[in-house]
There are 2 protein chains.
Amino acid sequence: MDLRRMFEPKNIAVVGVSENFLNPGTVIFKKNLHEMEVNTFGVNPKGGVIDGREIYRKVSDIPVDLDLVVVAIRAEYVNPVVEECGEVGVGGVVVISGGFAEAGKEGAERQNELTRIALKYDLPVIGPNCFGIYSPPYVDTFFLPSERMVRLQPGNIAIISQSGGFMVDHFFSRFYERNLGISIAVGVGNKAVVDEAMILKYLEKDPRTKIITFYIEGFREGEGARFLEAARSCTEKKTVIVFRAGKTETAKRVVASHTGLMSTSPRLFSAALKQNGIIEARSEDEIVSFAKVFSFNLKPIERGNVAIVTISGGHGVVCSDLCAEAGLRLVELTEEEQKDLRSRLKPSAAYVATLKNPIDLTGSATDDDMETTLSFLLEKEDVDAVIILTFPYPPALSLTLGRRLSNTAVLYDKPVVAHVPWLPKYSMIVEGFEYNGVPVAHTIAEVVQMIKALYLRGQLLKAARERTLEAVAKTPSNPA
Amino acid sequence: MDLRRMFEPKNIAVVGVSENFLNPGTVIFKKNLHEMEVNTFGVNPKGGVIDGREIYRKVSDIPVDLDLVVVAIRAEYVNPVVEECGEVGVGGVVVISGGFAEAGKEGAERQNELTRIALKYDLPVIGPNCFGIYSPPYVDTFFLPSERMVRLQPGNIAIISQSGGFMVDHFFSRFYERNLGISIAVGVGNKAVVDEAMILKYLEKDPRTKIITFYIEGFREGEGARFLEAARSCTEKKTVIVFRAGKTETAKRVVASHTGLMSTSPRLFSAALKQNGIIEARSEDEIVSFAKVFSFNLKPIERGNVAIVTISGGHGVVCSDLCAEAGLRLVELTEEEQKDLRSRLKPSAAYVATLKNPIDLTGSATDDDMETTLSFLLEKEDVDAVIILTFPYPPALSLTLGRRLSNTAVLYDKPVVAHVPWLPKYSMIVEGFEYNGVPVAHTIAEVVQMIKALYLRGQLLKAARERTLEAVAKTPSNPA
């Protein structure tokens, strides 16, 4: 099935519009009509006029080729409309309506019928029980008024989610907080037809998308295998990240009543992800920090050898704990190296700094000391990445800090990430870092998660490379 | 030793002021002179005038009784000044300067001498190598310009930290983000004299303080036992929370070079905290959510039976996972109860809602549905606490939601906490909740941490009550 027409449509119809502006169909009709770059038609059996537009009585009355039809009516009326879409030959359908597999036996039968219709017409259907597609600037089928959500900037991260609510709240709000931009977002709901694997295959070739993030609750029989296969062919080119919910026994029961899916064993699932080159985010927070660090142009690391520069000993201790827990190693500076570095610092920092690693320059640090230390560390062969823990509280640090350190960082082919507290008055430092290629985290946990992500990715790419070499070595043409 | 004079001083002196406005002593002198409600004197051997104030050549030249002397000069000059303070009979001393036990053998000897002097004069000394005291509106010995930090509102949370940097960054910035107010904050540094136990004893009687939070890296011989003893006598009246850093082997080594302390075994330490009625925060985030929930007037819970109300199935699943991991139990609604609740909902939510628990009212929920469900759950005997996962994305939810739900919540003697995403445009909902007694978290993890905190506290109080009953039963006057 080809998803391109529905993801980048020119003409769409919304079935289920009315005079009631709280009605999901009406919300979707109005937001596409007024906010998106798409020709939007409304459908209601009663006809009429809304916002100056003629409302059609049925999909087949609409006098253009429809790339996408959005269905937002009561469950029992959905399937005949989808059948009509198939007959007319539309590009794809999004079924917003709930009342299918998540809602008991009758709903499950209804969903089977929906699948049957879609397959008959080779018609891509997203949903039911879903938010559908947000693909700016083309289309937005989410039934929430835009002014109640956040509007994300365009970017290179795609989101595919089994929960629309989690997507628009957690992904959208946190991405907004963390300055992340998206290429496309899809709420897949019950996945009667289009599933993660199909979307992943589409995104593999989507030039807007570099990172693909998933919120997954469970799979049906066979679906998981298809997903892993689609991922395997994609993960060397693009970064695929999964956050899995429904791990505990309690939550598994909840999943069944949410999307009608069975969750798989967390341990097996994690192993399968790893084996297929997919990065697993273990918490709500990790999915955001992982997506953020990959949206920057940083090199994955293979060894996980890290150096920490801080101006607060406590941050150094907390960060050391978190690095150890994430499997990262701190590279200890030798006595000689410490002496060398100390000789390059300004006297007031040199006098009190602790230089083993974490390098604690203390509140006496100046911009010069920070820059000197960063270069020193990046030049060391055994340092793969540097974490900067900073905040502009000490009087000698200037607002130029972010730009200075990031301009130093890009001279080396090693990732540098920074921690700066998230307060509007520090924006100049945050932007100084980020506009110049260094991602900023706002908690110590997040900054460690960023390096962990690059380490996970480095290990996955290394494993893939080794598999390829092994395969080459085993080919008959090679006598070894 | 009596700490009151130094924590609520009328007259202070700062030793180590100069014309250089980046100099720590100067920063402290100026901020107290211009910003705090305290008479501030400056000391420099050269004398002179700064900001129109006479600078004294030594502490003993100052013509008033000093409640506090802040020493911010090079380590080798510190001890003679402290000796002078002892002779003059000041109320207490804060030694900001580094170069003591954290800085090798010579520093350790210097610190021993400092301790000896303090004990000789029965002089409370905070530090060295510390931030000292922030006790609004009286005094602020932090050597960071106020405009570079955040200014917290007055509140009922005290902070005692072995790292000044972690305190002003993590505690202050996150408290500011989460709308928390503080009573007093102390950066204890190397603890040559005044340690956590002494401050805890002071805070036990401090009417401004209800919650006492600690950042701890390690203790010296005997110090831990004193701390636990002080906590034991305090924890039934006030809530004591500890965040421990330096748990991993890597971090333990870092602790030694940060404050010159030895860290203890994490497992033993955790057990000791629990036994003495102290709540342990396991992460950077938990310390903030724990402090926040206790700053509200909510009843601790003993059983940990929780109900979740959401409008997003995905939130319900993620929250179920986190509740299970936190040892909380979801109370399942019976078929009959579900039928009863469904009959009270508006038709559009009733049609699609999932009511087992999590109660997922879906995007069709109205304010009425949310309120009806909340009352229904709070009336159930086996529900101890309710988590509300909401956001104003669905068109039918109004900005009155926070006020409506919190006004319902307070009719019952059970804790209710809410999750609302942290975006300025939702402030009206957040404030509606919080002004009316319901704390708001901004991630699903945080909202679960809040209930976990109340559950930990409930269990601790129950254990204490049982110990008391046992002790009473064992007294000779009681024949049983």
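The values are calculated or read from the model by the stated rules, or taken from the named source; none is laboratory data. Remember, predicted model here, so these are calculated numbers, not experimental data. Note: ideal-geometry Cβ built from the backbone for every residue, glycine included; neighbour counts use all protein chains shown.
The table that follows gives values for the structure above.
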| item | result |
| --- | --- |
| Residue match in region A:143-155 (condition: polar (S, T, N, Q) and surrounded by 18 or more Cβ atoms within 10 Å (Cβ to Cβ)) | no |
| Residue satisfying condition, being of a type outside the set (S, T, N, Q), over 23 Å from A:R226 (Cα atoms) and in the same structural domain as A:I182 (by TED's automatic domain parsing), within set A:E284, A:E280 | A:E284 |
| Test result for B:A118, touching a residue at least 40 places away in the same chain (Cβ under 8 Å) and surrounded by fewer than 21 Cβ atoms within 10 Å (Cβ to Cβ) | no |
| Residues (modelled with pLDDT of 95 or more, among the charged types (D, E, K, R) and either within 22 Å of A:G316 (Cα to Cα) or outside any helix (DSSP H, G or I) (or both)) located in region A:392-432 | A:R404, A:K414 |
| Residue list for region A:380-396, filter: out of contact with any strand residue (DSSP E or B) (no Cβ under 9 Å at 6 or more places or on another chain) and over 26 Å from A:S289 (Cα atoms) | A:E381, A:P394, A:P395, A:A396 |
| Hits in region A:345-363 (condition: within 18 Å of B:E106 (Cα to Cα) and in a helix (DSSP H, G or I)) | A:A350, A:Y351, A:V352 |
| Every pair of residues 6+ apart whose Cβ atoms lie under 6 Å, when the first sits in region A:331-345 and is in the same structural domain as A:L361 (by TED's automatic domain parsing) while the second is basic (K, R) | A:E332/A:K356; A:L333/A:K356 |
| Residue among B:V95, B:V88, B:V168, B:V82 that is within 24 Å of the chain's Cα centre (by Cα) and over 22 Å from B:F294 (Cα atoms) | B:V95 |
| In region A:161-185, residue farthest from A:L273 (Cα to Cα) [restricted to those that are out of contact with any Ser or Thr (no Cβ under 7 Å at 6 or more places or on another chain) and assigned to a strand (DSSP E or B)] | A:I182 |
| Test for B:T239: is it surrounded by 22 or more Cβ atoms within 10 Å (Cβ to Cβ), under 16 Å from the mean Cα position of the chain (by Cα) and in contact (Cβ under 8 Å) with a residue 24 or more places away in the chain | yes |
| Candidates A:N112, A:N190 - the one that is away from chain B (no Cβ under 14 Å) and at negative phi | A:N112 |
| Scope region B:307-330; condition hydrophobic (A, V, I, L, M, F, W, C), in contact (Cβ under 8 Å) with a residue 60 or more places away in the chain and either touching a strand residue (DSSP E or B) at 6+ places or on another chain (Cβ under 8 Å) or part of a loop (DSSP other than H, G, I, E, B) (or both); matching residues | B:A307, B:I308, B:V309, B:I311, B:C319, B:C323, B:A326, B:L328 |
| Inter-residue pairs, beta-carbon under 7 Å, first without any contact (Cβ under 8 Å) to a residue 24 or more places away in the chain and in region A:415-440, second in a loop (DSSP other than H, G, I, E, B) and surrounded by fewer than 24 Cβ atoms within 10 Å (Cβ to Cβ), 6+ apart | A:L423/B:V150 |
| Single unsatisfied condition, B:N11 versus (1) surrounded by 15 or more Cβ atoms within 10 Å (Cβ to Cβ); (2) within 14 Å of chain A (Cβ to nearest Cβ) | (2) |
| Close pairs from region A:379-396: first within 7 Å of another protein chain (Cβ to nearest Cβ), partner among the basic types (K, R) and part of a loop (DSSP other than H, G, I, E, B), Cβ under 9 Å, at least 6 apart | A:A396/A:K346 |
| Region A:397-422: number of residues that are within 14 Å of chain B (Cβ to nearest Cβ), among the small types (G, A, S) and within 19 Å of A:N179 (Cβ to Cβ) | 1 |
| Residue that is out of contact with any Leu (no Cβ under 7 Å at 6 or more places or on another chain), closer than 22 Å to A:A75 by Cα and of a type in the set (V, I, T), where the choices are A:V193, A:V125 | A:V193 |
| Number of positions in region B:120-134 that are within 13 Å of chain A (Cβ to nearest Cβ) and part of a loop (DSSP other than H, G, I, E, B) | 4 |
| Filter result for B:M167 (within 14 Å of another protein chain (Cβ to nearest Cβ) and out of contact with any strand residue (DSSP E or B) (no Cβ under 9 Å at 6 or more places or on another chain)) | no |
| Residues (surrounded by fewer than 24 Cβ atoms within 10 Å (Cβ to Cβ) and either in a loop (DSSP other than H, G, I, E, B) or not assigned by TED's automatic domain parsing to the domain that holds B:S163 (or both)) located in region B:200-217 | B:K205, B:D206, B:P207, B:R208, B:T209, B:K210 |
